[in-house]
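Structure first, then comments.
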Amino acid sequence: MSYIRPKIRHPETPINDIGYTRKNYEGSLSTLCAGCGHDSISAAIVQACFELNIEPHKVAKLSGIGCSSKTPTYFLGNSHGFNSVHGRMPSVATGANMANRDMIYIGVSGDGDTASIGMGQFAHVVRRNLNMLYLVENNGCYGLTKGQDSATSDFESISKKGVPNPFEAIDLCGIALQLGATMVARSFSGDKEQLVPLIKAALCHEGFAFIDVMSPCVTFNNNKGSTKSYEYVRDHIETLGVVDFVPMKDEITTHYKPGSSQEVTLHDGSVVRLQKLDEDYDPHDRRAALDKLKESQEQGKELTGLLYLDPDSKELHELLGTTQRPLRSLTEEDLCPGVNVLEKINLSFQ
Amino acid sequence: MSGNRINTAIKKNLVVSDWSSTDIANPEYFHKVVDCQYACPAHTPVPEYIRLIASRRYTEAYMVNWESNVFPGVLGRTCDRPCEPACRRGRVDEEPVAICRLKRVAADNRGDITDLLPEIPKNKNGKKIALVGAGPASLTVARDLMPLGYQIDLYDENALAGGFMRSQIPSFRLPEQVLDDEIGYILSMGVDTHFKTRVNSMTELMSKNYDAIFVGTGAPRGKDLANLSGRKEADANIHIGIDWLGSVAFEHITSIGKRVVVLGGGNTAMDCCRTARRLGGEDVKVIVRSPFSEMKASPWEKEDAIHEDIPILDNHVPKAFIHENGRLTGVEFEKVKAVYAEDGSRKLIPLDEKPVLIPCDDVLMAIGQENAFPWIEKDIGIDFDQWEVPLIDELSFQSSLPNIFFGGDAAFGPKNIITAVAHGHQAAISIDAFCKGKDIHDRPAPLTNLISQKMGVHEWAYHSEVSDDDRFLVAQADKNNTLVDRKLEVELGFDEQQAFAEAQRCLNCDIQTVFEEVKCIECDACADVCPTDCITFTEPETEETLRTHLRAPATNQEQALYISQVLPTSRVLVKDEDVCLHCGLCAERCPTAAWDMQKFLYNVCKAGQINLLDPLTRNRRN
Ligand SMILES: Cc1cc2nc3c(=O)[nH]c(=O)nc-3n(C[C@H](O)[C@H](O)[C@H](O)COP(=O)(O)OP(=O)(O)OC[C@H]3O[C@@H](n4cnc5c(N)ncnc54)[C@H](O)[C@@H]3O)c2cc1C
Ligand SMILES: Cc1ncc(C[n+]2csc(CCOP(=O)(O)OP(=O)(O)O)c2C)c(N)n1
Ligand code: SF4
Ligand code: SF4
Ligand code: SF4
Ligand SMILES: [Mg+2]
């Protein structure tokens, strides 16, 4: 029996710039169903953090309830974590972020956790442009409670139970775009070549980065007739192009023919490059993104890739003009600067 | 389309024709994955017996060994262990599994095996075979042919069987009782022994109308330094190592001078120096031409010698034996240093220093051995090369005279016991085929078997958890006792607890990861969970290109890539066998059981095969 992962790793396992191997970014062995798409997403997060040379103790993982929300246990075992209440991850993330802006916030949620019970919280965290990665592991069902249709389940999609879904689906990318999210992407758990650079871009983006990842539930929603099965997604997937993430420190060496690729520079100087399949697509154009989503949906396609990115985004701390330092580092002197300062303030009102 | 398929689309004109998926039906594919077994000349099913030891089924573990290597008790103490440097554990951990010493555990703790030995037919098959020399090679031929009804005459000039195992390997490494027991199993099959009988003429032997003759006479001639000054004058105190060890073993020699110089850097030198320490040598030195790191002796043999207060002086070339009044007083050496040419070849360049005189009472020369066949007439049709090495067919061990076969050290020069055993098995197959009028080049296929180990969702029929322990050391008897008793065994062997813990370090490399393309839904679960990054889904490419395109580059060319057939996304699954821990996690995380862990048994076919692969037979036997 092996509920335990062996300690041994590949003898030539790569070491990143801060001296860590991927092992330093792993969590405990997953207890999800074998083959669950969520596990691949965990592996992608591990890979992205490893490649970005992130110090694990600088990360806070936040989640709600669901199989997807369980996954923070299975990656970044050396990071902070808070497994909150169903649908309430956004408010916990907001509080944490407000208190300590120096951390990297990774929120993991499910389609049930976000599009049903957590819809209200989701809407507000998007419009506040909280600086975080918000990743939905979207399987079109409530996996943890045995596969009931979720609000992202497509119209007439058939789950394992065999009944076609009578309702229209909520498109979380569409909603995020409408509510003003400053980075929006969609991907597929089975496509790490796309997912890893998207996660890296999201982690470097200042503001609310939303990634909706199609993540098949092998146990309850991987059957014929389901639009969230591995096979269906693979057959209907359409992509805006290949996403490359070039960290700030690296020189850009490859060049594509003009028009076919577009480079977006992030706050920290890193570059997200979109090698486009559709030359007319502009990832800075929110409306075009919404149109493209609609168009693909009408054609029965699953659109993936970087949909929208605002490199000039102003995240919540900037919008509110909060202190530059984490609250815990503020001393009594910082908080009660004394009579002289008070007098100065009063004088400024005269 | 997935990212991979996009890439494929971008490189639209790519033609990939120069690749092929792995043929796992070829028994050699999985055999090679079992590194230790593959490296063992007799291909002993190592992990199979290690698991039996872990479950305290020592007798069965012994029989698995006995079937393959004939002398488990002997080899568990003395084997050259080519399996250990090959062991996968050594590639992912500091040190390999202590395979050899686990074998000894099986031998030490076995029950009575007489009922498990093959039956010997009372009615013989009418064929008569002569075996010349009673070393491990001949004894193996006897063991394989006796159950088939052959009548066998075994000749040796010594009073007892065993060859070099008895005359050369000192009792403090290999107790006589261990040897007697294992030789006894074979001789009591009814072999007709002719001891104290040196065969002096092949022509005469052939005139006795044997159906086949097997030559297992070893490489009995120790090299000399005949041209060194003083060699003749000081002869009384200069001994050829292997002759001297033989005389000690048969108790013709019982003492040696206090100061002894041993010349040579191989295992024979190590046995000579350690034996000299037990026969009265107080100041014993090993002096070798080459640098210490390049000595031929196994590292553990050197360690044992040093532990017995025997210094090893390297880079010293002997120049003269110094003598006074007809008595040896010392050896003179020239100091050298090793210089390497670009092609790696070595030259020993003399240093411009004064010669070094090492005073001593006796010298033991352990500088190599060679074949010698003074008793084989040169005109009877057995061809030799210019160095007096017979020309032998490497597959069948047949000489240029069709009814005469060679094996062991006699065939291709000095090797070791396990190689002699492996030769013996192959020669026995040839002799059997030859006597039955069959084509001896038509070799029987190995017996193989592949069985799923799945018991439940997270349950396998083997212990899949990987132990984190470091290699366990074998305890030794107190030096104060061993140095005064030539026959007292130095190594104590593992106790049961240590044996269990050491056995758990084995990675069960024979439990193969078997992949079934049609079941795979390409969910990536196996690739994600694999602790050593063995698995990659990627576009088909030539093996050479694939090796650089995997999650972790597959730089060990000795190890195969397991390449699947094309999957629905037009990718292939590639598994680098190199550092797979056989932990079974890939199979546990696979939702469709496309991966399965299956036990692969590979048994080299023997003449007179006893089918130890058949679990039913095995259970009945116990
Ligand atoms: C000092 C020393 C230590 C060694 N230690 C090890 C070790 O630890 N582990 C290991 O694996 N190997 C060891 N070896 C090597 C190993 O002993 C041999 O490779 C092995 O025994 C070869 O087996 P064989 O059957 O070919 O012949 P041998 O074991 O050499 O047996 C040949 C027999 O034939 C007899 N014979 C020869 N000519 C005639 C004739 N004309 N008529 C009748 N009889 C004859 C000889 O007397 C001898 O008994 C050691 C060798 C030496 C010299
Ligand atoms: C307040 C509350 N209501 C209902 C539940 C029951 N519940 C647990 S998980 C879940 C749905 C999870 O679905 P999703 O977020 O899509 O996660 P998945 O398991 O599919 O990854 C529900 C309804 C709960 N735990 N708490
Ligand atoms: S029920 Fe579905 S979502 Fe939950 S772990 Fe199993 S496969 Fe994954
Ligand atoms: S780990 Fe075990 S099975 Fe694998 S090579 Fe070593 S001894 Fe053999
Ligand atoms: S058994 Fe499977 S998971 Fe374990 S090391 Fe080998 S390939 Fe990887
Ligand atoms: Mg869900």
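Tallying residues that are touching a helix residue (DSSP H, G or I) at 6+ places or on another chain (Cβ under 6 Å) and either assigned to a helix (DSSP H, G or I) or surrounded by fewer than 14 Cβ atoms within 10 Å (Cβ to Cβ) (or both) within the stretch B:473-501 yields 2.
Look at (1) over 20 Å from A:Tyr230 (Cβ atoms); (2) charged (D, E, K, R); (3) within 14 Å of another protein chain (Cβ to nearest Cβ) and you find that A:Lys192 fails only one, number (1).
Looking at the stretch A:67-115, the helices (runs of 4 or more DSSP H) lying wholly inside it that each contain 3 or more residues that are open to solvent by less than 20 Å² (accessible area, probe 1.4 Å) sit at A:89-99, A:111-115.
The one condition from (1) of a type in the set (Gly, Ala, Ser); (2) out of contact with any His (no Cβ under 6 Å at 6 or more places or on another chain); (3) within 14 Å of chain B (Cβ to nearest Cβ); (4) closer than 19 Å to A:Cys36 by Cβ that A:Ala185 does not meet is (4). Looking only at the stretch A:282-304, which residues are of a type outside the set (A, V, I, L, M, F, W, C) and in contact with a helix residue (DSSP H, G or I) (Cβ under 7 Å, 6 or more places away or on another chain)? Those that are of a type outside the set (A, V, I, L, M, F, W, C) and in contact with a helix residue (DSSP H, G or I) (Cβ under 7 Å, 6 or more places away or on another chain): A:Asp282, A:Arg286, A:Gly300, A:Lys301, A:Glu302, A:Thr304. Could you grab me the full set of residues in the stretch A:37-66 that are open to solvent by 40 Å² or more (accessible area, probe 1.4 Å), farther than 22 Å from A:Gln121 by Cα and either acidic (Asp, Glu) or in contact (Cβ under 8 Å) with a residue 24 or more places away in the chain (or both)? A:Glu51, A:Glu55, A:Lys58, listed by residue number. A:Ala34 meets the conditions (1) assigned to a loop (DSSP other than H, G, I, E, B); (2) away from every other protein chain (no Cβ under 14 Å) in every case but one. The failed one is (2).
Looking across the stretch B:148-179 at every residue that is aromatic (Phe, Trp, Tyr) and not in a loop (DSSP other than H, G, I, E, B), the one that is farthest from B:Val105 (Cα to Cα) is identified as B:Tyr155.
Residues that are more than 13 Å from B:Glu517 (Cα to Cα) and within 9 Å of another protein chain (Cβ to nearest Cβ) within the stretch B:538-575 comprise B:Arg551, B:Ala552, B:Pro553, B:Thr555, listed in sequence order.
Filtering the stretch B:527-537 to residues that are open to solvent by less than 10 Å² (accessible area, probe 1.4 Å) and more than 9 Å from chain A (Cβ to nearest Cβ) leaves only B:Ile535.
The criterion of being out of contact with any strand residue (DSSP E or B) (no Cβ under 7 Å at 6 or more places or on another chain), within 16 Å of ligand 1 (Cβ to nearest atom) and among the basic types (Lys, Arg) does not hold for B:Arg110. Taken across the stretch B:165-177, residues that are touching a residue at least 40 places away in the same chain (Cβ under 8 Å) and closer than 26 Å to B:Ala433 by Cβ do not occur at all. Applying a threshold of 6 Å to beta carbon distances and a minimum spacing of six or more residues, or different chains, the list of pairs starting in the stretch B:406-429 at a residue that is charged (D, E, K, R) and ending at one that is open to solvent by less than 10 Å² (accessible area, probe 1.4 Å) and more than 16 Å from ligand 5 (Cβ to nearest atom) reads B:Asp409/B:Ala219.
A quick yes/no check of all residues on (1) within 16 Å of ligand 6 (Cβ to nearest atom); (2) under 22 Å from A:Ser68 (Cα atoms); (3) in contact (Cβ under 8 Å) with a residue 12 or more places away in the chain:
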site	(1), (2), (3)
A:Tyr105	no, yes, yes
A:Gly118	yes, yes, yes
A:His124	no, yes, yes
A:Asp149	yes, yes, yes
A:Ser159	yes, yes, yes
A:Gln178	no, no, yes
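Every condition in (1) β-branched (Val, Ile, Thr); (2) open to solvent by 10 Å² or more (accessible area, probe 1.4 Å); (3) closer than 26 Å to A:Asp282 by Cβ holds for A:Val126 except the one numbered (2).
Listed by position, the helices (runs of 4 or more DSSP H) inside the stretch B:26-128 whose residues that are open to solvent by less than 20 Å² (accessible area, probe 1.4 Å) number at least 2 are B:27-33, B:35-39, B:46-54, B:58-69, B:72-78, B:83-86, B:99-109.
Here is a yes/no grid of residues against (1) closer than 28 Å to B:Glu370 by Cβ; (2) surrounded by fewer than 23 Cβ atoms within 10 Å (Cβ to Cβ):
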site: B:Tyr150; (1), (2): no, no
site: B:Asn158; (1), (2): yes, yes
site: B:Ala161; (1), (2): yes, no
site: B:Ser167; (1), (2): yes, yes
site: B:Asp181; (1), (2): no, yes
site: B:Ile186; (1), (2): yes, no
site: B:Gly190; (1), (2): no, yes
site: B:Thr193; (1), (2): yes, yes
site: B:Tyr210; (1), (2): yes, yes
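Considering A:Gly140, A:Gly147, which residue is more than 25 Å from A:Leu76 (Cα to Cα), surrounded by fewer than 23 Cβ atoms within 10 Å (Cβ to Cβ) and either within 16 Å of ligand 3 (Cβ to nearest atom) or aromatic (Phe, Trp, Tyr) (or both)?
So the residue among A:Gly140, A:Gly147 that is more than 25 Å from A:Leu76 (Cα to Cα), surrounded by fewer than 23 Cβ atoms within 10 Å (Cβ to Cβ) and either within 16 Å of ligand 3 (Cβ to nearest atom) or aromatic (Phe, Trp, Tyr) (or both) is A:Gly147.
Restricting attention to the stretch B:502-515, the residues that are over 27 Å from the mean Cα position of the chain (by Cα) and either buried (at least 18 other Cβ atoms within 10 Å of the Cβ) or among the polar types (S, T, N, Q) (or both) add up to 1.
Scanning for something more than 28 Å from B:Asn371 (Cα to Cα) and outside any helix (DSSP H, G or I), does the stretch B:424-437 turn up at least one residue? There is at least one residue in the stretch B:424-437 that is more than 28 Å from B:Asn371 (Cα to Cα) and outside any helix (DSSP H, G or I).
Screening B:Val518 with (1) at pLDDT 95 or above; (2) more than 14 Å from chain A (Cβ to nearest Cβ); (3) surrounded by fewer than 21 Cβ atoms within 10 Å (Cβ to Cβ) gives one miss only, at (2).
The values are calculated or read from the model by the stated rules, or taken from the named source; none is laboratory data. Treat the numbers as computed from the prediction; the structure is a model and nothing was measured. Note that each Cβ is placed from the backbone with ideal geometry, even for glycine, and that neighbours are counted across all protein chains shown. Please note that ligands, DNA and RNA were not included when accessible areas were found on the heavy atoms of the full protein model with its side chains. Shrake-Rupley method; radii C 1.70, N 1.55, O 1.52, S 1.80 Å.
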